[in-house]
Amino acid sequence: MDETPSLIQIKGIRDGLLITLGSAAWPVLVAAFVKNVDERSSFFHGARVALNVGSNELRVAELSGLRDQLSERGIALWAVLSESLITETTAQNLGLATRLSKPRPEPTREVVKELPADAAKWVKGPLRSGARILFEGNVVVLGDVNPGAEIIAGGSVVVWGRLRGVVHAGAQGDEKAVVCALEMVPTQLRIATEIAVSPKKQGKIQPEVACLKDGQLVAEPWQNLGRN
């Protein structure tokens, strides 16, 4: 008998989908959830998900592992709700929201029939948790992009500050797009179809630019931009 429906409850909310997981061991819940997603891929693709994990005590490896599986399937995990302080702390450390109480700002979208190749949207930061910028061209942020904030751009993204949120540049498939920041520590970074999670920084912090080279997402000192 398929127990998947009893393990997973789906509800539409302002921010996307609220997924409530039932009572079972974490590996069982994850397997059931991923199976449900794979069986209904057209429904879930592109969805923004808030996950209610109940009293499960989850560490970084467990929660980031599920987030990565969802990202591979075109799903953005932006919030985790839990009765466990350990899980809540883990979610916050990963830059995920842990509350649904505050209405999340609507995406900022600019619609232009024929967008110039060098068109850019200027945003005065900081971008706080829950903020989302969606633009078909380039995006320039004058300030920090905090954990829980997200930028989706058809072109490149420049952050004149600390990048600690989620950025997807070249969202329409532009592999020449780049992401620049004075401090590059994103929760998740994506250019075209390539995804990377920033490792812990070691040594001196310096401005960096992320780009695709031979199909791989790499980060280099900002001053190298345009020299290769």
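The values are calculated or read from the model by the stated rules, or taken from the named source; none is laboratory data. On a predicted model such as this, the values are computed, not experimentally measured, just so you know. Neighbour counts are summed over all protein chains in view; Cβ atoms, including those assigned to glycine, are modelled from backbone coordinates with ideal geometry.
The requirement of being under 16 Å from residue 220 (Cβ atoms) and within 14 Å of the chain's Cα centre (by Cα) is not satisfied by residue 134. Evaluate the following for residue 213: is it farther than 22 Å from residue 96 by Cβ and at pLDDT 90 or above? So residue 213 does not fit the description; no.
Residue count for the range 60-91 satisfying the condition of being out of contact with any Lys or Arg (no Cβ under 9 Å at 6 or more places or on another chain) and either assigned to a helix (DSSP H, G or I) or not assigned by TED's automatic domain parsing to the domain that holds residue 10 (or both): 16.
Taken over the range 5-40, the criterion of being at pLDDT below 85 and over 22 Å from residue 79 (Cβ atoms) is satisfied by 5, 6.
Within the range 47-96, being polar (S, T, N, Q) and in contact with a Phe, Trp or Tyr (Cβ under 8 Å, 6 or more places away or on another chain) holds for one residue alone: 56. Here is the figure for the range 153-168: residues that are outside any loop (DSSP other than H, G, I, E, B) and without any contact (Cβ under 8 Å) to a residue 40 or more places away in the chain total 10. Within the range 64-91, if we keep just the residues that are of a type in the set (S, T, N, Q) and closer than 16 Å to residue 52 by Cβ, the residue that is surrounded by the fewest Cβ atoms within 10 Å (Cβ to Cβ) turns out to be 84. The condition of being loosely packed, with under 15 Cβ neighbours inside 10 Å, under 25 Å from residue 166 (Cα atoms) and at pLDDT 85 or above holds for residue 60.
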